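Written below as structure tokens is the structure these notes are about.
The values are calculated or read from the model by the stated rules, or taken from the named source; none is laboratory data. Because the structure is a prediction, the values reported are computed rather than measured. Note that we place each Cβ from the backbone using ideal geometry, even for glycine, and neighbour counts take in every protein chain shown.
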Amino acid sequence: MPAIRSLLVAILPLLASVAAHREPKTPKEIEVQRALQAAAYHCAPAVAEFTAARKRSWAQKVLAGRPSLPGYEELFASGTYNDMIGAAPHGDQTFMECSPVRDTQIQNNSCVLTPVVTEGPYHHKAGHPIRQNIAELEDGLLLLLDIGVIDVETCKPLPNVLVDIWQANATGFYAGHPVPAPHLVNEKPQVGGKRAGLLTAYPRSNDDETFLRGAWPTDANGVAQFTTIFPGYYTGRATHIHTKVYPTWTTLPNETFTSHHLAHVGQFFFDDDINIRIDNMHPYTDNPIRYTYGRTRNWRDSLNIFQDSHGPEGEYNPVFKLDLLGGVLSQGLMGYITMAINASASLDNYWQG
């Protein structure tokens with residue numbers, strides 16, 4: 001741990017010149033990102049146990065006070081909780097040079113420095129409710145999210161930081177943005193280039209809608225949990241969920257928040273294989289572009305956001321680790337991921353494109 005702190009002491013003075021950017025571009029910025037990423041790799045063993053402990057806690061919460069239910073090994077899909085068994089690393093073997101290979105299940109999302117990427121055009125700087133259940137009345141596949149946040153400087157969980165998330169509904173629309181601008185109703189997606197597949201962002205024309213938006217502070221164990229639905233897709237973008245992290249914030253009388261300290265902006269993704277199965281479930285089959293442009297795969301994500309989310313060395317995994325909530329997919333999913341952030345960073349809290 002002293003070596004990590006020494007590394008961070010050397011690079012923290014450079015963060016002021018990097019924090020305002022959405023992704024590292026200059027050689028200096030990339031050097032800072034790589035140094036932080038290297039420091040985060042030392043946290044990988046701690047993150048593996050962090051994830052297992054969260055799964056254990058969640059299973060116990062589900063079963064608490066219900067003696068008629070079987071244990072989690074029988075209630076949930078086979079193998080869901082195998083990684084809760086504390087197994088020692090298998091020699092010096094590593095996965096992607098950062099996650100220890102265990103005899104149980106490899107937690108390959110334990111490369112944990114989360115790259116900063118664009119927030120996108122659909123964030124509402126004001127009006128995100130502080131709540132755990134963000135689904136409101138939106139129909140879709142149940143998705144429970146378990147988002148851990150650790151401090152890259154200490155490899156320890158970060159309690160009481162506000163995790164803000166927002167996403168599209170099952171048919172690809174964001175709350176507050178139901179239709180395109182009138183003069184762009186017949187616009188076609190961009191062909192070729194970095195913006196391939198994208199349309200002009202829909203304007204905010206309904207200020208009352210708040211579905212699939214919300215923020216919640218991490219608990220004493222550095223975890224924020226949400227109830228939502230599996231997100232839908234829209235042209236040009238891979239299926240994703242947006243996130244911001246605020247170390248400090250002020251709660252407003254209407255149960256929303258304001259903050260002047262934004263430490264992280266990022267996006268989470270899902271494996272294409274699970275997307276393919278959910279594409280065939282209602283109401284995802286009602287997506288208006290299902291039979292025209294279709295869903296954009298991760299590797300074709302516009303603006304290189306999926307690729308950038310892997311970090312300069314391509315070794316961070318921004319994809320949720322998903323477990324079935326029951327024996328079949330239609331019963332829902334539980335998604336786990338861990339972010340490692342620098343809580344002392346300060347980013348501009350607005351979309352920069």
Legend entry - Matching residues, the range 183-192, being closer than 19 Å to ASN304 by Cβ and exposed (fewer than 10 other Cβ atoms within 10 Å of the Cβ): VAL191, GLY192
Inset, instruction - Inspect the range 171-187 for any residue being assigned to a loop (DSSP other than H, G, I, E, B), touching a helix residue (DSSP H, G or I) at 6+ places or on another chain (Cβ under 7 Å) and in contact (Cβ under 8 Å) with a residue 60 or more places away in the chain and give the result as yes or no. - result: yes
Legend entry - Residue selected from the range 199-238 under the condition within 30 Å of ASN160 (Cβ to Cβ) and of a type in the set (Ser, Thr, Tyr), by the criterion surrounded by the fewest Cβ atoms within 10 Å (Cβ to Cβ): THR227
Inset, instruction - Search the range 235-260 for residues being more than 29 Å from VAL179 (Cβ to Cβ) and out of contact with any Leu (no Cβ under 9 Å at 6 or more places or on another chain), and hand back the single one that is modelled with the lowest pLDDT. - result: HIS260
Inset, instruction - Starting from residues that are farther than 19 Å from ARG237 by Cβ and out of contact with any strand residue (DSSP E or B) (no Cβ under 6 Å at 6 or more places or on another chain), keep the ones in the range 151-182 and report whichever is surrounded by the most Cβ atoms within 10 Å (Cβ to Cβ). - result: GLU153
Inset, instruction - Considering (1) of a type in the set (S, T, N, Q); (2) part of a strand (DSSP E or B); (3) within 18 Å of LEU262 (Cα to Cα), say which one THR227 fails and leave the rest. - result: (3)
Inset, instruction - Check the range 306-328 and report whether any residue there is modelled with pLDDT under 95, more than 16 Å from PRO115 (Cα to Cα) and surrounded by fewer than 13 Cβ atoms within 10 Å (Cβ to Cβ). - result: yes
Legend entry - Selection count where residues are under 25 Å from ASP301 (Cβ atoms) and touching a residue at least 12 places away in the same chain (Cβ under 8 Å), scope the range 188-220: 18
Legend entry - Residues located in the range 128-187, provided they are out of contact with any Lys or Arg (no Cβ under 9 Å at 6 or more places or on another chain), among the aliphatic types (A, V, I, L, M) and at pLDDT below 95: ALA135, LEU137, LEU142, LEU143, LEU144, LEU145, ILE147, VAL149, VAL152, LEU158
Inset, instruction - Search the range 239-260 for residues being assigned to a strand (DSSP E or B) and among the aliphatic types (A, V, I, L, M), and hand back the single one that is surrounded by the most Cβ atoms within 10 Å (Cβ to Cβ). - result: VAL245
Inset, instruction - List every residue pair whose Cβ atoms sit under 9 Å apart, with the two residues 6 or more apart in sequence or on different chains, where the first one lies in the range 280-302 and is more than 21 Å from ARG195 (Cα to Cα) and in contact (Cβ under 8 Å) with a residue 12 or more places away in the chain and the second, anywhere, is outside any loop (DSSP other than H, G, I, E, B) and among the aliphatic types (A, V, I, L, M). - result: MET281/LEU329; TYR284/ILE278
Inset, instruction - Tell me, yes or no, whether the range 264-272 has at least one residue that is in a loop (DSSP other than H, G, I, E, B) and at pLDDT 95 or above. - result: yes
Inset, instruction - Just give me the residues in the range 288-305 being closer than 15 Å to GLY140 by Cβ and crowded, with 22+ Cβ neighbours inside 10 Å, in sequence order. - result: ARG295
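Anything in the range 261-287 that is out of contact with any Phe, Trp or Tyr (no Cβ under 9 Å at 6 or more places or on another chain) and surrounded by fewer than 15 Cβ atoms within 10 Å (Cβ to Cβ)? List them, or say none.
Keep residues of the range 261-287 that are out of contact with any Phe, Trp or Tyr (no Cβ under 9 Å at 6 or more places or on another chain), which gives 265-266, 273, 276-277, 280, 282-283, 285-286.
Correct list: ASP273, ILE276, ARG277, ASN280, HIS282, THR285, ASP286.
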